[in-house]
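Engineer: Sharing a structure with you now.
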Amino acid sequence: MEGYRRLLDYNARWVKGRLAERADYFTRFEIGQRPEFLWIGCSDSRVPAETITGCEPGELFVHRNVANLVVHTDLNLMSVLHFAVEQLHVEHVIVCGHYGCGGIRAAMTRRSYGLVVDKWLRKVKDVYQRHLPSFEAIREPEGKLRRLVELNVIQQVTDLAHTSVIQQAWKDRGAPWLHGWAYDMSTGRIAPLTRMTPEDLPDDIYRFDL
Ligand SMILES: [Zn+2]
């Protein structure tokens, strides 16, 4: 039960180390933040955003949920997106999924995990159903899982482009760029899967007159 103390002990050592590097390491953050990136990732403990990208405090604005989903009715995600894009003016929004994702794996089964989880993962099932022929062509279950991780990321990036927040920012300042990445926990490598810029307009029905 005392395992939590390790975190506090580390923190004390970390503060000492940073202050030894530069005396204003922490006080410089008091003036505010200007992160270049919004990271939308999975809650999985094995995908720590700053660690795998080498980002320091102040560089990543972060939202994480199970299976890195962009749900338009998710007030939490939409608030983060709105603030990051309209107030912080991030240059890039990154959706980073990961191979071996438990949320994606659960969505591929017929098992019920209870009302909330089933509702949350429904969006992943929709991605699977939309691309059914490509999954039927893959024999190995792990291959199907990897493909769904990738297609899920690509769908979430498309869904970002369908928000009025992104479309307004594209019109006003030609940013941010949207990125879809997949992280491989077994190698530590990130593979870029897709990228959308203001030139990549969404399908007509998803475009707002802004
Ligand atoms: Zn995951």
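The values are calculated or read from the model by the stated rules, or taken from the named source; none is laboratory data. Note that the structure is predicted; figures quoted are calculated from it, not measured. Glycine gets a Cβ as well: all are built from the backbone with ideal geometry, and neighbour counts include every protein chain shown. The protein model used for the area step is the full one, side chains on, heavy atoms only, and it has no ligands, DNA or RNA in it. Shrake-Rupley method; radii C 1.70, N 1.55, O 1.52, S 1.80 Å.
Engineer: So if I check each of Val62, Val95, Val80, which one is touching a residue at least 60 places away in the same chain (Cβ under 8 Å) and closer than 30 Å to Arg173 by Cβ? If you could, list the steps in order and put the result at the bottom.
Structural biologist: Values: Val62 fails: touching a residue at least 60 places away in the same chain (Cβ under 8 Å); Val80 fails: touching a residue at least 60 places away in the same chain (Cβ under 8 Å).
Of Val62, Val95, Val80, the one residue that is touching a residue at least 60 places away in the same chain (Cβ under 8 Å) and closer than 30 Å to Arg173 by Cβ is Val95.
Engineer: Do you know which of the residues in the stretch 89-121 that are buried (at least 23 other Cβ atoms within 10 Å of the Cβ) and among the aliphatic types (A, V, I, L, M) is farthest from the ligand (Cβ to nearest atom)?
Structural biologist: Only one residue tops the list, namely Val90.
Engineer: Okay, moving on. At positive phi, assigned to a loop (DSSP other than H, G, I, E, B), crowded, with 16+ Cβ neighbours inside 10 Å and modelled with pLDDT of 95 or more: does that describe Gly58? Talk me through it step by step, then tell me what you get.
Structural biologist: Values: at positive phi: yes; assigned to a loop (DSSP other than H, G, I, E, B): yes; crowded, with 16+ Cβ neighbours inside 10 Å: no; modelled with pLDDT of 95 or more: yes.
So Gly58 fails the test.
Engineer: Please give the helices (runs of 4 or more DSSP H) falling wholly within the stretch 71-172 in which 1 or more residues are on the phi > 0 side of the Ramachandran plot. Working first, answer last.
Structural biologist: Details: elements: 75-82, 102-107, 115-130, 132-136, 141-161.
Hits in the stretch 71-172: none.
Engineer: Let me ask something else about it. When only residues in the stretch 61-70 that are open to solvent by 30 Å² or more (accessible area, probe 1.4 Å) and more than 10 Å from the ligand (Cβ to nearest atom) count, which is farthest from Ser186 (Cα to Cα)? Step through it out loud before you land on a result.
Structural biologist: We begin by selecting, within the stretch 61-70, every residue open to solvent by 30 Å² or more (accessible area, probe 1.4 Å); these are 61-62, 64, 66.
Those left that are additionally more than 10 Å from the ligand (Cβ to nearest atom): 61-62.
Details: Phe61: 25, Val62: 23 Å.
Applying the filter and picking the extreme gives Phe61.
Engineer: May I pose another question? Is it the case that the stretch 32-47 has a residue that's in contact (Cβ under 8 Å) with a residue 60 or more places away in the chain and of a type in the set (S, T, N, Q)?
Structural biologist: Within the stretch 32-47 (the criterion being in contact (Cβ under 8 Å) with a residue 60 or more places away in the chain and of a type in the set (S, T, N, Q)), the answer is no, since none of the residues qualifies.
Engineer: Just give me the residues in the stretch 25-56 being away from the ligand (no atom under 16 Å from the Cβ) and under 17 Å from the mean Cα position of the chain (by Cα), in sequence order.
Structural biologist: Taking the stretch 25-56 first, the residues away from the ligand (no atom under 16 Å from the Cβ) are 25-38, 50, 53-56.
Answer for the stretch 25-56, where residues must be away from the ligand (no atom under 16 Å from the Cβ) and under 17 Å from the mean Cα position of the chain (by Cα): Pro35, Glu36, Phe37, Leu38, Glu50, Thr53, Gly54, Cys55.
Engineer: I would also like to ask the following. In the set Leu148, Leu193, Leu210, which member is in contact (Cβ under 8 Å) with a residue 12 or more places away in the chain and farther than 29 Å from Ser45 by Cα? It would help to see each step written out before you state the result.
Structural biologist: On the way: Leu148 fails: farther than 29 Å from Ser45 by Cα; Leu193 fails: farther than 29 Å from Ser45 by Cα.
Testing whether each residue is in contact (Cβ under 8 Å) with a residue 12 or more places away in the chain and farther than 29 Å from Ser45 by Cα leaves just Leu210.
Engineer: Quick check on the stretch 39-55: of everything there that is part of a loop (DSSP other than H, G, I, E, B) and of a type in the set (D, E, K, R), which residue is surrounded by the fewest Cβ atoms within 10 Å (Cβ to Cβ)?
Structural biologist: Arg46
Engineer: Out of the stretch 173-190, which residues are on the phi > 0 side of the Ramachandran plot and in contact (Cβ under 8 Å) with a residue 60 or more places away in the chain?
Structural biologist: We begin by selecting, within the stretch 173-190, every residue on the phi > 0 side of the Ramachandran plot; these are 174, 188.
Answer for the stretch 173-190, where residues must be on the phi > 0 side of the Ramachandran plot and in contact (Cβ under 8 Å) with a residue 60 or more places away in the chain: just Gly188.
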